[in-house]
1. What are the residues in the range 122-138 that are crowded, with 18+ Cβ neighbours inside 10 Å and in contact with a strand residue (DSSP E or B) (Cβ under 6 Å, 6 or more places away or on another chain), if any?
2. On the basis of being modelled with pLDDT of 85 or more, in a helix (DSSP H, G or I), out of contact with any Gly (no Cβ under 7 Å at 6 or more places or on another chain) and assigned by TED's automatic domain parsing to the domain that holds ALA374, does LEU180 make the cut?
3. Could you run through the range 322-335 and say how many residues are more than 17 Å from GLU366 (Cβ to Cβ) and either of a type in the set (D, E, K, R) or crowded, with 17+ Cβ neighbours inside 10 Å (or both)?
4. Being within 20 Å of HIS383 (Cβ to Cβ) and modelled with pLDDT under 85 narrows it down to one of GLY86, GLY106, so name that one.
Amino acid sequence: MRRRHAGLIASVLATGLLGGCAFSPQLRQVAVDHNRTVAAMEDELTLLNIVRASERFPLHFTGIQTINGNVSVSATSGLEAELTGGADLVVPGVGGSVATNPSFVGAVYATEDFQRGIQQTIAPTTIASYLDEGWPDELLMALFIERVDIYDGNVPAGEPIENEPMRGSGFEHFLCHYRLVSRPAISGASIPGMAELIDRGLLADEAQTGEAKRKEIAAYLDFVKRDDMRVDSRGALVLAGSANSVAIERRPVSRCGPDHAAKGRDSEIDGDRQLRFEPQFRSVQGVIYFLGEYVRADLKGGDQRLFRLPFENDECSASAPVPQYRKLLSVERGAGADLVATRFRGERFFVPDRDLASCEAGATVEARSMQVIALVQQLLNLHKSADSLPTTLTISGGR
């Protein structure tokens, strides 16, 4: 009889443990649902500000500052047992529930530091980091460059190339023939010469030992041999910067294909002169207003008015990439399947969920919409203080 009772107790304990295991997927789902909710909120808030900019309305930045609440887990277990003179019939049972009760504190990003931050020009080092991570350079150029100043030597060579949504600005052609690259930044401050870096008095002092003089010379040579030491064009020693910058250079082959013809001022830019191109970058706020102009032109004038992103599709052919185009951002009004959607002034705006894949040369395929939204979110996050970042959901439970 004792053995039977011990077996029953073991069955009850095992049933309780199995009950706990049964609810672990539900707990995981709570965490996943929380992540998805925050992601959907951030995506919609970003799209909402782009739509506001397209309608020439002020921008407003909000978010979740603190997430509080609890996840309560209760589990029950039991046995229905029939004890007879023969075999024991034991039927385990498991029950329970998962209940969530989250709450949050909203944050309004309207401080002086935040506003000043989003109005500052995006640093070239930030853009260089995106290039180093493998982001398409044509996307970064279209999004971050406000205009390109042109110089023939040190003399301005005509009007700058303005990055406007319309094709007439010439920026689409510029993207065809030029690229943005990451380059090491070099400090402009020269290192003092040997007279300032070595103690010549010590070397000339006959009272000093040879060992002391050798140490002084060795210290100077070790400094000069540093990995970040460089010699500039004037022969002066300089220290290489710890961060990269960016530069515009001509592509060896146009990404718009060999048949892409230059017209008007584009022909002048594509001439034999050694022109220098200096990009002037936007602020984060300027990026959002530019995207608003892009959406406004798209909704009012159709695809034919917008400049597109030329790129080389290397997924269509193993022999050679196919020159194609993408819209920078696609936003539509009304009903339709969406990746992100929001409402503004009683109307629904959304990023369409569709596949415009093609392997035809010159075709316009799906826009870079979600990548654009991701970049805007990351740039905004750079100006949010640590106190504004969301905390984790508190989980408690009992069985």
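The values are calculated or read from the model by the stated rules, or taken from the named source; none is laboratory data. Not measured: the values here are computed from a predicted model. Counting neighbours? That spans all protein chains shown, and the Cβs are built from the backbone with ideal geometry, glycine included.
1. ILE122, PRO124, ILE127, ALA128, LEU131, ASP137, GLU138
2. no
3. Of the residues in that region, 1 qualify.
4. Working: GLY86 fails: within 20 Å of HIS383 (Cβ to Cβ).
Result: GLY106 is the single residue among GLY86, GLY106 that is within 20 Å of HIS383 (Cβ to Cβ) and modelled with pLDDT under 85.
Let's see how each residue does on (1) buried (at least 17 other Cβ atoms within 10 Å of the Cβ); (2) at pLDDT 90 or above:
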{"site": "GLU315", "(1), (2)": "no, no"}
{"site": "ALA337", "(1), (2)": "no, yes"}
{"site": "ARG348", "(1), (2)": "no, yes"}
{"site": "PRO352", "(1), (2)": "yes, yes"}
{"site": "THR364", "(1), (2)": "no, no"}
{"site": "SER369", "(1), (2)": "yes, yes"}
{"site": "ILE395", "(1), (2)": "no, no"}
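Yes/no per residue for (1) outside the structural domain of ILE122 (by TED's automatic domain parsing); (2) at pLDDT below 80; (3) more than 25 Å from VAL376 (Cα to Cα):
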position	(1), (2), (3)
ASP270	no, yes, yes
LEU275	no, no, yes
TYR289	no, no, no
LEU299	no, no, no
ARG308	no, no, no
ALA318	no, yes, yes
